[in-house]
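Structure record follows, encoded as structure tokens.
FYI, it's all coordinate maths here, none of it is from the lab. This one's a predicted model, so the numbers in the text were calculated from it and none came from an experiment. Here the Cβ positions follow ideal geometry from the backbone for every residue, glycine too, while neighbour counts run over all protein chains shown.
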Protein chains: 2
Amino acid sequence: MTEQSLATMADVAARAGVSSATVSRVINGNYPVSAATRQRVEQAIAELGYVANAHARALAGATNRTVGIIINDLVDPFYAYIARGVEREATRHGRLCMVCCTQGSHEQELALIDLLHEQRADAVILVGGAYEDRSYAAQVARRARALHASGSTLVLCGRPSLGEDVPTRIVEYDNEGGAFAITDYLITQGHRRIVFLGGPPNLSTTVARLAGHRRALRFRGLPHDKGLIHTGQLNRRFGYDRIRALLADKLDFTAVFCANDTVAAGVMQGLELAGVPVPEAISVVGYDDVPIAQELRPQLTTVRIPLEEMGRQAVRIGLDVVEDDAYLSPVQTAAVVGTNIVVRSSVAPPK
Amino acid sequence: MTEQSLATMADVAARAGVSSATVSRVINGNYPVSAATRQRVEQAIAELGYVANAHARALAGATNRTVGIIINDLVDPFYAYIARGVEREATRHGRLCMVCCTQGSHEQELALIDLLHEQRADAVILVGGAYEDRSYAAQVARRARALHASGSTLVLCGRPSLGEDVPTRIVEYDNEGGAFAITDYLITQGHRRIVFLGGPPNLSTTVARLAGHRRALRFRGLPHDKGLIHTGQLNRRFGYDRIRALLADKLDFTAVFCANDTVAAGVMQGLELAGVPVPEAISVVGYDDVPIAQELRPQLTTVRIPLEEMGRQAVRIGLDVVEDDAYLSPVQTAAVVGTNIVVRSSVAPPK
DNA sequence: CGATGCATAGAATGCGCTTACTATCAGAGA
DNA sequence: TCTCTGATAGTAAGCGCATTCTATGCATCG
């Protein structure tokens, strides 16, 4: 403990026998400084263990070099992978990453946007599906405008736009397309009666997946049977309970399209306990392709979302990063990443 | 987009017809302001969409209300759970959480400590085992002192102290004790030849687990056979490859103590492919109790670490939070959380 | 040899806020 | 009526840095 309180730029300047302006210039390297002077300053910095004050720096005009990300839960792989992409890309651009979790609370989410705004984050990335709620959407829109007004950007990652007149940027994945593809896969394998299981009906994610599912049914000329749609939650418990209930009700079906892999895990467990073999008796597919899909036995056929890439894109778009070959293009304000099905062992033709 | 650039406190003051000091007082509520004035100020804030500038605030003396956490990888459940604890506890104390990942790089880790120092985080939490390396430890120690000098705290979470003279705080888990307990459990089940598998030998985590393992062997009077110790990496691949090699070598053993659950997952997979039934022929145990332990079949007997609680403790200790019943105690600078074995289905007596 | 231009360095201002310190005004007590 | 006190509100001084404007020294050139 050599210092009592941390050295300032003025201390460094005094020690090096120069002005604080010169110290600033040495640190930022944006102004010519003679080699001799530079060396004296650098030595003084080392001797005093000087650490710049990011706040003073941010206040004096330079950007804070920070991006914020708001997710539901750090432990959920869906969010964790996106967060990883954000963190890595932010680091790549010399930014620090502030991660906040909402635990699914709207108020918390709004409060966190404000907090990140106060921190003057270069971009605020809001991740995950949104519930349809007029007043909530208006609240988010208001904050998007405020952020925009102070030179920052709200990036919506994996949720729909708030409207043309709201200044946000968007990174989406082809949610509907993935659902279409995997439903079509089930149909071409011979399935006719497919249960759709899980997902809150008013969550944008569910809405899109259900839309893709229905489009595939329509495309293949299959009827739309309301008795096969069982929206609900997105956790394992729901999958487990509901599949057992459907079995008990003797519902007629040969495949289950789960709203995500977590629900699929519950379904597989329920099926296992009921002695129903997968995929021989019932085929199961999920969505997201998080690690559990590969842990399940049989391994789960599902829809892959390039989650980490979405996180990276969100940062690039939020920071106005121009990729090499885009030197003439205008600022990119939206991106859609593709989804694709990954075939494993949880689907077989029905008997 | 009503505003061009964001309103400042002075703008709010002008609009409300008061001084900026009064606005500050209304916002902070730390000084009497008449109801009428307060209301005018609040209205002005709302009308202008005023958002405080956290940097100006931090610069002017108030704390930045931020904690930093440095982990290896956001997607790894071991770190994710700790990070969740940190995030939640930080939020509970009105702090924002900055999460940084090192990808296992020492230089990156050191750079991140500096970055968080620049941000004037109230506390910097360094998570995960450390490699034994003199010069690296010295580098960390230097930063610990610098942090301390500017009123912040470096909290070591799940790694050993840097020495009495280095101003850090520590949150540990009973690593050695957990390893002792689970080895003892294997022994009381009748196992005599137990393989220890995985974990870099110079990682503090491995060292402690191995120490507990050896103590249990000694305690039960079993010989210490070097041929049974196979340290290495902490990933699935290593577990898979090495167990197959041991099988091919016809090594004599009846149980495997994996350095963590991920290695155990690889081991189980290797055993499955080799047609060796678990636990009938070989028993397997892991360490950490991350979600995969419950996904494996059979479910994995392992050592539970209260990861989220560790994260919470780290924040409390770093922030000098005094718990209710500790009103007379000095500042807490260290904590050890307990570990316990959780018995599932991957262990049986040897034949 | 004096004027001109370039390379460096310093002085000074302000970013937006918190917080001593100071000022004002009412009502209370003398 | 006058002073004293308490409750509010204002003034102003930084916090540590980036940056604009100025100043200095020196080589170059006519």
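Odds and ends about this structure:
- Fluctuation leader among A:188, A:168, A:66 - chain A, Gaussian network, Cα springs under 10 angstrom: A:188
- As a rough footprinting exposure proxy, the listed residues B:302, B:206, A:63 were ranked by other beta carbons within 10 Å of their own, and the order from fewest upward is A:63, B:206, B:302.
- For residue A:232, nonlocal amide neighbours, meaning residues 5 or more places apart or on other chains whose placed amide H falls under 5 Å from its own, are A:198, A:199.
- In Hz, Karplus ³J(HN,Hα) per residue of the range A:340-349 (6.51, -1.76, 1.60; θ = phi - 60°; x = Gly, Pro): 8, 7, 10, 8, 10, 10, 9, 10, 8, x
- Highest-MSF residue in chain B out of B:309, B:42, B:89 [GNM, Cα springs under 10 Å]: B:42
- In a DSSP loop and with at most 10 other Cβ atoms within 10 Å, the GluC sites (Glu not before Pro) in the range A:160-268 are A:164.
- Helix B:307-318 vs. chain B, principal-axis angle (Cα, 0 to 90°, nearest 10): 40
- Under 5 Å from the amide H of residue B:153 lie the amide H atoms of B:123, B:124, each residue being 5 or more positions distant or on a separate chain, with H modelled from the backbone and absent for Pro and chain starts.
- Going from the residue with the fewest nearby Cβ atoms within 10 Å to the one with the most, A:122, A:249, A:133 rank A:249, A:133, A:122.
- Relative intensity, log₁₀ I(q)/I(0), of the protein assembly as shown from a Debye sum that treats every alpha carbon as a point, q = 0.06, 0.07, 0.09 Å⁻¹: -0.42, -0.57, -0.92
- Choice from B:90, B:146, B:264 with maximal GNM fluctuation in chain B (Cα, 10 Å cutoff): B:146
- Whole-Hz couplings from phi, Karplus 6.51/-1.76/1.60, listed for the range B:266-276; x for Gly and Pro: x, 4, 4, 5, x, 5, 4, 5, 7, x, 9
- Within the same chain, lysines fewer than 8 places from residue A:351 are excluded, and of the rest, those with a Cα less than 19 Å from its Cα are A:250.
- Protection proxy ranking of A:28-38, A:7-17, B:335-345 - average other beta-carbon atoms within 10 Å, highest first: A:7-17, B:335-345, A:28-38
- DSSP-assigned coil residues among trypsin sites (Lys or Arg not before Pro) in the range A:226-311, each with at most 13 further Cβ atoms within 10 Å: A:250
- Annotation: amide H-H contacts under 5 Å for residue A:173 (H modelled 1.01 Å from N, sequence separation of 5 or more, or interchain): A:158, A:337.
- Site pair residue A:229 and residue A:20 shows an inter-label distance of 6.5 nm when each label is modelled 7 Å from Cα along Cα→Cβ.
- Taking the DSSP bridge list for chain B and keeping only pairs wholly inside it, about 10 percent are antiparallel.
- Span from the the range B:104-118 Cα centroid across to the the range A:162-187 one, whole angstrom: 38
- Angle between chain A longest axis and helix A:204-219 axis [Cα atoms, degrees, rounded to 10]: 40
- In degrees, nearest ten, helix B:35-48 long axis to first principal axis of chain B (Cα): 70
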